[in-house]
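Report on the following structure.
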Amino acid sequence: MSRRTPILVLILAALCLSGSGRADDVHGEPPLWQTDFEAARLLAAEQGRPLYVAFSRSGSVQACITMEKEVWRNKAFIRYAKEHFVLVWVDFPLSGISTKQQRANDALRERFGIGNWPTVMIMTPEPKVVKQLVDFDDTLTGSQHVAALDALLKDVNVQQAVPVAEERAADDGFRIWTDVKGRTVSARLLRMEGDGIVVELRSGKSVTIPLEKLSNRDLDYLNGK
C-alpha cells in the first residue's frame, strides 16, 4: 500500500486543519474559519489581510451563542469576511474538542489575556493587536458588525507584514497552499509527479495534490519553479 495519503484524506484532514471541528459548525462552510493560529497568521501575511480572531465559549455562554447565531452565521458577515479577513476560531466548548486543540486555545487565551466572552481581536499577521472588541450588544446584527469592521480596516496596515511569510518559507521550505475552494494547508513541495504534486505536511506525512485542485496563485508559483 502506498505510504502517501489519498487526496480525500488531504481534503478532509489537512486542508480543514487540525482542531475541534466546531469551527465547521459556525456557518456551515469549513474553509472560512481556521483553528490553527500559526497557519492562519502565515496565510494572512501571504494574502496581505488582517486576522479576525474570535474567542468563544460555544454552547455554554449565552452571549457567544447569540453572537454565533446573529453575526457569525449571518450572510452579510460571511460575504464580507471572505473578502477582507483570515478568520480564526478559538473555542472553549464543554465537549467535542481534542486535547491538542484545547491546549493550543488555552495558550492563545493566556497569551492575549482573554477574560470576556465573546472577544474578537483584529490583528496584523505579526501578530499585532489593532483592536479588541468585547461587550457585544445582544441586538447586534451581522450588517452592523460589518459596518464597524469596515471602519476599523482603515487602521489596519498589513502590507508591511507580507515578508513574514516569505522569510518563513525561505527558512524551511514550507508555504501555504490553497485549493480551488479556498481551503489551506502548510506544506513543503517535494516533487512534481504526473498531473499533480507531492508535498510534505508539517506532520511529516506526504500527500499528493492534483494540479486541477490548486489555486491560480499556487499554479503560478509552480510555473516559476
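Within the set of pairs 6 or more residues apart or between chains, which connect a residue that is in a loop (DSSP other than H, G, I, E, B) inside the stretch 197-221 to a residue that is at pLDDT below 85 and loosely packed, with under 15 Cβ neighbours inside 10 Å with Cβ atoms less than 7 Å apart?
From residues that are in a loop (DSSP other than H, G, I, E, B), the pairs are S215/V180.
Are any residues in the stretch 35-94 touching a Cys at 6+ places or on another chain (Cβ under 8 Å) and buried (at least 20 other Cβ atoms within 10 Å of the Cβ), and if so, which ones?
Scanning the stretch 35-94 gives S56, S58.
So, in the stretch 100-135, how many residues would count as being farther than 15 Å from R41 by Cα and touching an Asp or Glu at 6+ places or on another chain (Cβ under 9 Å)?
The number of residues fulfilling the criteria is 4.
Quick test for you: out of K82, K100, pick the one residue that is closer than 26 Å to K154 by Cα and modelled with pLDDT under 95. Write out each step before concluding.
On the way: K100 fails: closer than 26 Å to K154 by Cα.
After applying the criteria, what remains is K82.
What are the residues in the stretch 107-119 that are without any contact (Cβ under 8 Å) to a residue 12 or more places away in the chain and of a type in the set (D, E, K, R), if any?
E110, R111
Counting only residues that are among the hydrophobic types (A, V, I, L, M, F, W, C) and exposed (fewer than 14 other Cβ atoms within 10 Å of the Cβ), which one in the stretch 169-221 is farthest from the chain's Cα centre (by Cα)?
M192
Select the helices (runs of 4 or more DSSP H) contained entirely in the stretch 49-146, then report the ones holding at least 1 residues which are of a type in the set (D, E, K, R).
75-84, 99-112
Conditions tested, residue by residue: (1) modelled with pLDDT of 90 or more; (2) acidic (D, E); (3) under 30 Å from V61 (Cβ atoms).
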site: G142; (1), (2), (3): yes, no, yes
site: L149; (1), (2), (3): yes, no, yes
site: N157; (1), (2), (3): no, no, no
site: R183; (1), (2), (3): no, no, yes
site: M192; (1), (2), (3): yes, no, no
site: G196; (1), (2), (3): yes, no, no
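For the stretch 198-220, what are the residues that are touching a Phe, Trp or Tyr at 6+ places or on another chain (Cβ under 9 Å) and at pLDDT 85 or above?
If the condition is that a residue be touching a Phe, Trp or Tyr at 6+ places or on another chain (Cβ under 9 Å) and at pLDDT 85 or above, then V199, E200, I209, L214, S215, D218 are the ones that fit.
The values are calculated or read from the model by the stated rules, or taken from the named source; none is laboratory data. Owing to the predicted nature of the structure, the values given are computational and were not obtained by experimental measurement. FYI the Cβ positions are ideal-geometry reconstructions off the backbone, even for glycines, and counts take in every protein chain you see.
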